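Before any comments, here is the structure.
Throughout, read-outs are computed from the coordinates displayed, never taken from laboratory work. Given the structure is predicted, the values throughout are model-derived calculations rather than measurements. Ideal geometry is used to build each Cβ from the backbone, glycine not excepted, and the neighbour counts take in all protein chains shown.
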Amino acid sequence: MPSAESESAGGGGGVLYLVATPIGNLEDMSYRAVRVLGEVDLIAAEDTRRSGQLLRHFEIEPRRLVSFFEGNEAARSEELLRELGGGARVALITDAGMPGISDPGQRLVARAIAAGVVVEVLPGPVAAVTALVGSGLPTDRFLFLGFPPRVDGERRALLASLRREVATLVFYEAPDRVKATLADLAAALGGERQAVVARELTKLHEEYARGTLAELAGRELTLRGEHTLVVAGASAEQAAEQPVDVEAAVRALLAEGLGPKDIASRLTITTGLPRRKLYQLALSLATDRG
């Protein structure tokens, strides 16, 4: 029997459902999500094996189940758009959480909207919002940044650009990079910033580690499972800071007796500029002084 959602689409056109799935605790799956996944013509899943386990748990027998992940997103989107254009009801799910939030989906949604396809979102668990609310830090304004870049220079440039951002910052991070990212955050934003490391949300070993960035960077943390980092926004004083005058900063450090290599290491964190560029500037200014 067609669902109320599919009937409301009208005209027999396809419907794209974005279905949130549990980030850990299976009891967070909504009744609506279970019903829709059982009714649609096709389910596109980030990992068909993991999603298969979820579907079996809720005794859902999909009519069709296909993969939809970063590696095949472009080609698969074309296929799904053809299905939707032919009137199919398609559900998109990821391994955990909401499709499109640090997971594939946004491009498909944009294409579907442009093609006039009805898009319906079934709300549910999102690790970023769960961690934010549980952190105790301000929630009236926040900035979600997903996973920081893996490349050191790119990551430091991003973090340096956020020093004067007053919104609470939310990041995802892999367990093996949590400590390094906390250290970079402390160097770029100030070690006194309050922060929270949320781990294994909604699962048996859920944990919130709270403290300043400097404290958390130096603390022994359990580095297993999924991690979300929540960092307080800039203080009024930091928000009012003027951008770093890089040349003036280099000259000041040269006057203190630091060499070009040490200057580049120190300023790459606070300015976000590449170490090589800072080194060359310091070397040039040091030569001029000589």
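Observations
- With Cα atoms defining each centre, the range 235-263 and the range 54-91 are spaced 52 Å apart in the structure.
- Gaussian network model of the chain, Cα within-10 Å springs - most flexible of VAL119, VAL90, VAL151: VAL151
- With both residues required to sit in the range 4-125, DSSP beta bridges show an antiparallel share near 5%.
- Take the Cβ atoms of ARG107 and ARG164, set R0 to 35 Å, and the FRET efficiency comes out at 0.65.
- Cα-projected label distance for ALA74 with PHE147, points at 7 Å along beta-carbon direction, nm: 1.9
- Packing here is the average count of other Cβ atoms within 10 Å per residue, and on that basis the peptides 183-195, 212-224, highest first, run 183-195, 212-224.
- Net +/- balance of residues flanking LEU221 in space, Cβ distance below 10 Å, scoring K and R +1, D and E -1: +2
- GluC sites (Glu not before Pro) within the range 241-290: DSSP coil, no more than 15 neighbouring Cβ in 10 Å: GLU241, GLU256
- Between VAL119 and GLU154, the modelled label-to-label distance comes to 2.4 nm, taking each label 7 Å out from Cα in the direction of the beta carbon.
- Gained length - ASP245 relative to ASP28, 0.36 nm times residue gap less alpha-carbon distance: 73.1 nm
- The alpha carbon radius of gyration of the chain, expressed as a multiple of 2.2 N^0.38 Å, is 1.24.
- When only Cα pairs below 8 angstrom with a gap of at least 6 residues are kept, the chain shows a relative contact order of 17 percent.
- Length released on extending from ALA236 to ARG177, taking residue separation times 0.36 nm less the Cα-Cα span: 18.3 nm
- Gain on full stretching of the segment that runs from ARG63 to ARG289 - 0.36 nm per residue minus C-alpha separation: 73.9 nm
- P(r) weight above 16 Å for the range 13-132, C-alpha pairs, percent: 55
- Among the GluC sites (Glu not before Pro) found in the range 68-153, those both in a DSSP coil and sparsely packed, with 11 or fewer other Cβ atoms within 10 Å of their Cβ, are GLU70.
- Counted over the chain, the DSSP beta bridges are approximately 45% antiparallel.
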